[in-house]
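The next block holds one structure in the form of structure tokens; read it before the comments.
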């Protein structure tokens with residue numbers, strides 16, 4: 001049975017809110033009614049922040065992390081270890097690893113992992129720019145910090161094959177991160193130890 005709304009405008013807002021991950025119709029309705037009860041200025045500030053995010057956020061030209069500038073703060077920081085690159089699936093992973101305080105190198109955000117079942121191949125990811133960074137020199141180690149799933153391992157294997165002729169050391173997170181875990185939901189202590197206790201990729 002379809003839920004009845006007293007306003008088409010409210011129904012449309014609920015439909016849009018259900019497009020957010022993990023938001024069902026009841027939660028979307030609660031969000032919409034909450035926003036409706038706020039001052040118009042507060043709601044406009046909320047909506048403007050989302051519009052500004054979509055219109056003005058950039059992706060770092062070097063590592064593909066999100067940034068307010070062409071080069072992100074991490075890549076621009078001269079104190080970071082430029083000889084080490086941590087390869088991650090998404091921006092969530094960068095934030096999770098940064099929160100551990102255990103890593104001081106640079107990053108490379110792939111924007112996903114190789115997944116033939118989902119139609120995602122190597123050309124759909126930021127892989128070539130990673131290989132160009134290695135080719136440019138000064139990189140001693142690549143840490144493959146992808147989620148320990150079949151797709152993550154497939155991507156690790158692809159990267160290792162492409163870099164087989166380079167002198168770069170390849171390592172993976174210690175398996176303190178359990179198989180199938182998502183880095184976004186791994187506690188900071190475990191993730192920090194996994195970074196410090198990383199092992200060579202065999």
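The values are calculated or read from the model by the stated rules, or taken from the named source; none is laboratory data. Remember, it's a predicted structure, so these values are computed and weren't measured experimentally. All Cβ positions, even for glycine, are placed from backbone atoms using ideal geometry, and neighbour counts span all protein chains on display.
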Residue 78 passes all but one of (1) part of a loop (DSSP other than H, G, I, E, B); (2) surrounded by 15 or more Cβ atoms within 10 Å (Cβ to Cβ); (3) at pLDDT 95 or above; which number fails? (2)
Out of the residues in region 83-110 that are more than 11 Å from the chain's Cα centre (by Cα) and in a helix (DSSP H, G or I), state the one that is surrounded by the fewest Cβ atoms within 10 Å (Cβ to Cβ). 99
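Looking for something more than 30 Å from residue 140 (Cβ to Cβ) and in contact with a strand residue (DSSP E or B) (Cβ under 6 Å, 6 or more places away or on another chain) - is there at least one such residue anywhere in region 63-74? So that I can check it myself, show each step before the final result.
The first filter runs over region 63-74 and keeps only residues more than 30 Å from residue 140 (Cβ to Cβ), leaving none.
Scanning region 63-74, I find no residue that is more than 30 Å from residue 140 (Cβ to Cβ) and in contact with a strand residue (DSSP E or B) (Cβ under 6 Å, 6 or more places away or on another chain), so the answer is no.
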Residues of region 47-75 being in a helix (DSSP H, G or I) and exposed (fewer than 14 other Cβ atoms within 10 Å of the Cβ), in sequence order, are 47, 48, 49, 50, 51, 52, 53, 54, 55, 56, 73
Is it the case that region 150-158 has a residue that's at pLDDT below 90, surrounded by fewer than 16 Cβ atoms within 10 Å (Cβ to Cβ) and part of a helix (DSSP H, G or I)? yes
Is there a residue being in contact with a helix residue (DSSP H, G or I) (Cβ under 7 Å, 6 or more places away or on another chain) and under 18 Å from residue 126 (Cβ atoms) anywhere in region 75-85? yes
Quick check on my filter: what residues within region 111-149 are assigned to a loop (DSSP other than H, G, I, E, B), under 18 Å from the mean Cα position of the chain (by Cα) and crowded, with 18+ Cβ neighbours inside 10 Å? 113, 114, 125, 127, 145, 146, 147, 148
Which members of region 25-46 meet the condition of being loosely packed, with under 10 Cβ neighbours inside 10 Å and either within 23 Å of residue 3 (Cβ to Cβ) or in contact (Cβ under 8 Å) with a residue 60 or more places away in the chain (or both)? 37
Among the residues of region 17-31, what is the count of those that are part of a helix (DSSP H, G or I) and either within 28 Å of the chain's Cα centre (by Cα) or closer than 29 Å to residue 69 by Cβ (or both)? 5
In this structure, does residue 171 turn out to be assigned by TED's automatic domain parsing to the domain that holds residue 102, at pLDDT 60 or above and part of a strand (DSSP E or B)? yes
